[in-house]
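> Can you keep this structure in mind? I'll have questions shortly.
The values are calculated or read from the model by the stated rules, or taken from the named source; none is laboratory data. Worth saying up front: this structure is predicted, and the values here are computed from it rather than measured. Here the Cβ positions follow ideal geometry from the backbone for every residue, glycine too, while neighbour counts run over all protein chains shown. Just so you know, the surface numbers come from the protein's heavy atoms only, side chains and all, with ligands and any DNA or RNA stripped out. Shrake-Rupley method; radii C 1.70, N 1.55, O 1.52, S 1.80 Å.
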Amino acid sequence: MNRFAKLGGVLGIVYCIAGFVLVFLGWNGAATYDNESSQIPYLISGGVAGLALVVVGGALIVAHSLRNDRVELRGAIDDLRGAVEQLGTASAAPAASGSGAPGRIAGTGNVDGDVVMAGADSYHSPSCTLIEAQTDVAPMSLADAQASDRVPCRVCTPGVSE
Ligand SMILES: [Zn+2]
């Protein structure tokens, strides 16, 4: 399929070139004759056939590029769809954990145990939505985090239920 499409483009270019050559030859042939009546067959045979080839070649190129555009467009749409889906799951995840967070805090305690995710100056529950996008957080025991200068996150309030 892809190979065929490529062939179509090459064929179109070849047709165009052949057409131009025919037009040129027809023109040249016509120019070698002085009187108009003997020019006409050359112009008709070379010119018309050449023009026909150029038109066919042009159509092949257009069809080929259209097909390419369609493939590219489909790829772009797939990329876009993937990005949208990723965005959808990314925005759905905080909403889900956001609605779950109050329940976890009010409930029987932090299910994540004593491990927290520590940033430069604060520490979070491992499931905190605020650190989802952060890469500079590292696992740390709650006791270590509390002993350090870090402050507990006000959103996920790690260790509050302890
Ligand atoms: Zn947090």
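> Condition (residue is at pLDDT below 65 and on the phi > 0 side of the Ramachandran plot) applied to the stretch 95-112: is it met by at least one residue?
yes
> Further question: Looking only at the stretch 141-162, which residues are open to solvent by less than 70 Å² (accessible area, probe 1.4 Å), modelled with pLDDT of 90 or more, of a type outside the set (A, V, I, L, M, F, W, C) and more than 12 Å from the ligand (Cβ to nearest atom)?
Within the stretch 141-162, Ser141, Ser148 meet the criteria.
> Something else about it: Pick from the stretch 121-140 the residues that are more than 8 Å from the ligand (Cβ to nearest atom) and without any contact (Cβ under 8 Å) to a residue 24 or more places away in the chain: which of them is surrounded by the most Cβ atoms within 10 Å (Cβ to Cβ)?
Restricting to residues being more than 8 Å from the ligand (Cβ to nearest atom) and without any contact (Cβ under 8 Å) to a residue 24 or more places away in the chain, the top hit is Val137.
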